[in-house]
1. Quick check on segment 57-64. Is at least one of its residues surrounded by 19 or more Cβ atoms within 10 Å (Cβ to Cβ) and at pLDDT below 85?
2. Look at segment 29-56 and say how many of its residues are surrounded by 18 or more Cβ atoms within 10 Å (Cβ to Cβ) and either modelled with pLDDT of 85 or more or assigned by TED's automatic domain parsing to the domain that holds P112 (or both).
3. Of the residues K75, K124, K98, which is assigned by TED's automatic domain parsing to the domain that holds R140, over 23 Å from Q162 (Cα atoms) and surrounded by fewer than 21 Cβ atoms within 10 Å (Cβ to Cβ)?
4. I'm told I115 meets every condition in (1) buried (at least 18 other Cβ atoms within 10 Å of the Cβ); (2) of a type outside the set (F, W, Y); (3) assigned to a helix (DSSP H, G or I); (4) touching a strand residue (DSSP E or B) at 6+ places or on another chain (Cβ under 6 Å) except one. Can you identify the failing condition by its number?
5. Could you check segment 1-99 for strands (runs of 3 or more DSSP E) lying wholly inside it with 3 or more residues that are without any contact (Cβ under 8 Å) to a residue 40 or more places away in the chain?
6. So is A7 surrounded by 15 or more Cβ atoms within 10 Å (Cβ to Cβ) and touching a Phe, Trp or Tyr at 6+ places or on another chain (Cβ under 7 Å) or not?
7. Does segment 163-179 hold any residues that are surrounded by fewer than 16 Cβ atoms within 10 Å (Cβ to Cβ) and either among the β-branched types (V, I, T) or at pLDDT below 95 (or both), and which are they?
Amino acid sequence: MAIGIIACSVLKKEILKFLQGKKNIGEIVFLDAALHLEPDKHRLEVLDAIKSMQENILLIGYGKNCSYNLEDYVKERGSVPCAFPNADHCIAILLGQKRYEKEMRNAFFLTPGWIDNWNEIERKLQKLIGSNNVFESANRLIYVDTGVGNQKYVGFAEKFSQKHGLKLEIINGSLDVLGEAFTKLSQYD
């Protein structure tokens, strides 16, 4: 049985790294990271992707609370078994929920995927709320190193932190939460 994957493009590099050497992987769809800023459209695009896939089981590469409780929305309306990572948001997927909760106070996070998608996210943020408002409560920028980036990403984080007056911290993330979600799918074999 092939496993289909629908995920946020913010997690693309991490998911592709995680999948190396895995068997029975079917179609993989990465959706626009900026869809989070349009929750109704985001939920509908995830459901459309689910309907278009031929796989019998799916790994959904989003946090459970992306776009206002995406997990419950999909489970109520989806037609195939789906596993979500046990984390509220993409950063919690890469840090683990407890560590995310510990680090989130007064912090803004960047990952390689956030950096790759930043221009589109920033453009939509400016349209919605003005880009500077997102940093009002932050005094730290945390770059989550997941092992898929390079010095270019760290350089971006350094410039970003200086531009916005944030103290830069670099912490290691992991793919463990993705692994746990992938393991959940074994119950459907």
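The values are calculated or read from the model by the stated rules, or taken from the named source; none is laboratory data. Keep in mind that what you see is a predicted model, and the values were worked out from it rather than measured. Backbone-built Cβ (ideal geometry, glycine too); neighbour counts: all protein chains shown.
1. From segment 57-64, those surrounded by 19 or more Cβ atoms within 10 Å (Cβ to Cβ) are 57-64; that's our starting set.
Checking which are at pLDDT below 85 leaves us with 64.
Checked against the condition, which is being surrounded by 19 or more Cβ atoms within 10 Å (Cβ to Cβ) and at pLDDT below 85, segment 57-64 yields at least one hit.
2. Residues meeting the conditions: 7.
3. K98
4. (4)
5. It comes to 25-31.
6. yes
7. K163, H164, G165, I170, I171, G179
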